[in-house]
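Beneath this line is the structure, given in structure tokens, with notes to follow.
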Ligand code: FAD
């Protein structure tokens, strides 16, 4: 009998397995597809690898702006995809060795929980049965396909097929202007695809500071992406999306359609446990405990944040709870990044949320051009950093657009998590010249 069984080898599952094993537990980890889960195989890493190639291409094309001239810059998309696959293989191998080095037993196959009496969980996988004292559910999420008329017969891509294509589509309609849809819109637009985005909400990237989302949309529009906001998709057919807006019904035609309307928790193998639900996932408390005394859940399965870094942190909290180490999950400083060009990043609450809560707050805003490094490295580029503080001038939200805010947003996470005030943050020494200095500089604004 194992101390701990983990179902799902994504960021929640494999990190939890290593940590629990280091903490002295005997661990068995079940993975039905590939270690690394969605994140490593069909999510974070493949998208960022492809996006990096698109940024390299753009850099080379625009080199003349920086006094560097490259003649006839071209790309070979099949090689870009092959490099992406090579990187995935390398990182999956790294996780395999991490499991081996920590003495985690990895079972490849679909796990099904067949019994739990509160003390022993029984799991069937293939021909074998396994027993464990504790269970951590990390089964993640799968693509959600909305019941749009026509979707059953139309040909379309989800993010998974869009990552696999070896040819850049001539034209693409992206249904859904959320993070995943906008990253693909930016990617294919850079490689010359005519991209149209149809989004139901009045602005792209729901949940992101609307001022910043609008700036990214303007930038992508200038680059040729067409946006239809407040637009409801009525029908999908191969190569044609019918949608309606305030002016009536329209058709958007393209060689390919990409459906990006969200993801839903995957309950495969754990559905029969009858755990208390949370939206369409499994409900967890601040220690990642479920409604069963010997079962925890972490990652996308609780339908709370659907981000890899949240999954990893939740898994850490769950294992700490099993090991009797004081810890608690908080969601007030979870960063979110859109790896487009320019990048968008945010952490903490938004102005819209503060307004809705009716609380006192201050906004400090600074154009990215206040950073010498930004000006040096982003010829003609625009950007903004927006900092929100509460009634006690504690930093509660930081939102930015401009490269490379995906990297410097970590400073904001630390400030918010540590409960720093604007004055305390302003006393920290930041390296110069860095784009991150805009965060410190913004503290002068009030
Ligand atoms: P997953 O990574 O989904 O892993 C769950 C694993 O469980 C899977 O490997 C699955 O095969 C396995 N499994 C399920 N059921 C069983 C069973 N019964 N038996 C055995 N195995 C089972 N997040 C970010 O933070 N940053 C990003 O840039 C980012 N980009 C993304 C881009 C795309 C295109 C997509 C789709 C997602 C992206 N995400 C990103 C989200 C991120 O991938 C997820 O939040 C993260 O993978 C969740 O981790 P997890 O461990 O909860 O689940």
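Is it the case, given these coordinates, that residue 169 is touching a residue at least 24 places away in the same chain (Cβ under 8 Å), out of contact with any helix residue (DSSP H, G or I) (no Cβ under 7 Å at 6 or more places or on another chain) and not in a helix (DSSP H, G or I)? Against the criterion (touching a residue at least 24 places away in the same chain (Cβ under 8 Å), out of contact with any helix residue (DSSP H, G or I) (no Cβ under 7 Å at 6 or more places or on another chain) and not in a helix (DSSP H, G or I)), residue 169 does not qualify. Would you confirm, using the coordinates I've provided, whether residue 29 is farther than 16 Å from residue 191 by Cα and either part of a loop (DSSP other than H, G, I, E, B) or within 11 Å of the ligand (Cβ to nearest atom) (or both)? Criteria met by residue 29. Only one entry of 438, 359, 396 meets the criterion of being farther than 24 Å from residue 54 by Cβ and within 22 Å of the chain's Cα centre (by Cα), and that entry is 396. Using beta carbons and a limit of 6 Å, which pairs, at least six apart or on different chains, have the first residue in the stretch 15-33 and within 13 Å of residue 96 (Cα to Cα) and the second one more than 14 Å from the ligand (Cβ to nearest atom) and part of a helix (DSSP H, G or I)? Listed pairs, sorted by first residue: 18/98. What are the residues in the stretch 159-185 that are over 21 Å from residue 82 (Cβ atoms) and either under 18 Å from the mean Cα position of the chain (by Cα) or within 14 Å of the ligand (Cβ to nearest atom) (or both), if any? If the condition is that a residue be over 21 Å from residue 82 (Cβ atoms) and either under 18 Å from the mean Cα position of the chain (by Cα) or within 14 Å of the ligand (Cβ to nearest atom) (or both), then 174, 175, 176, 177, 178, 179, 180, 181, 182, 185 are the ones that fit. Tallying residues that are touching a strand residue (DSSP E or B) at 6+ places or on another chain (Cβ under 9 Å) and either assigned to a strand (DSSP E or B) or farther than 17 Å from residue 374 by Cβ (or both) within the stretch 340-359 yields 12. Reported count of residues in the stretch 186-203, each being assigned to a loop (DSSP other than H, G, I, E, B) and either surrounded by 24 or more Cβ atoms within 10 Å (Cβ to Cβ) or within 16 Å of the ligand (Cβ to nearest atom) (or both), is 1. Among the residues here, residue 295 does not qualify as at pLDDT 95 or above and within 29 Å of residue 387 (Cα to Cα). Within the stretch 353-365, residues that are in contact (Cβ under 8 Å) with a residue 60 or more places away in the chain reach partners that are in a loop (DSSP other than H, G, I, E, B) and surrounded by 13 or more Cβ atoms within 10 Å (Cβ to Cβ) with beta carbons closer than 8 Å, at six or more positions or on different chains, in the pairs 362/393.
Determine if the stretch 241-262 includes at least one residue that is farther than 30 Å from residue 111 by Cα, touching a residue at least 60 places away in the same chain (Cβ under 8 Å) and assigned to a loop (DSSP other than H, G, I, E, B). There is at least one residue in the stretch 241-262 that is farther than 30 Å from residue 111 by Cα, touching a residue at least 60 places away in the same chain (Cβ under 8 Å) and assigned to a loop (DSSP other than H, G, I, E, B). Scanning the stretch 370-384 for residues that are free of Cβ contacts under 8 Å to residues at least 60 places away in the same chain and more than 27 Å from the chain's Cα centre (by Cα) turns up 375, 376.
Of all residues in the stretch 37-79, those being more than 16 Å from the ligand (Cβ to nearest atom) and touching a helix residue (DSSP H, G or I) at 6+ places or on another chain (Cβ under 7 Å) number 6. Only one of the listed residues (269, 177, 207) is assigned to a loop (DSSP other than H, G, I, E, B) and more than 30 Å from residue 328 (Cβ to Cβ). That residue is 177.
Any residue that is closer than 23 Å to residue 268 by Cβ, under 21 Å from the mean Cα position of the chain (by Cα) and either within 16 Å of the ligand (Cβ to nearest atom) or part of a strand (DSSP E or B) (or both) - is there at least one of those in the stretch 124-135? No, the stretch 124-135 contains no residue that is closer than 23 Å to residue 268 by Cβ, under 21 Å from the mean Cα position of the chain (by Cα) and either within 16 Å of the ligand (Cβ to nearest atom) or part of a strand (DSSP E or B) (or both).
Selection of the stretch 13-26 for residues being surrounded by fewer than 19 Cβ atoms within 10 Å (Cβ to Cβ) and either part of a helix (DSSP H, G or I) or in contact with a strand residue (DSSP E or B) (Cβ under 9 Å, 6 or more places away or on another chain) (or both) yields 22, 24, 26. Looking only at residues of the stretch 268-310 that are on the phi > 0 side of the Ramachandran plot and touching a helix residue (DSSP H, G or I) at 6+ places or on another chain (Cβ under 6 Å), we find that the one that is farthest from the ligand (Cβ to nearest atom) is 288.
The values are calculated or read from the model by the stated rules, or taken from the named source; none is laboratory data. In this text the structure is predicted, and so the values were computed from the model without any measurement. Glycine gets a Cβ as well: all are built from the backbone with ideal geometry, and neighbour counts include every protein chain shown.
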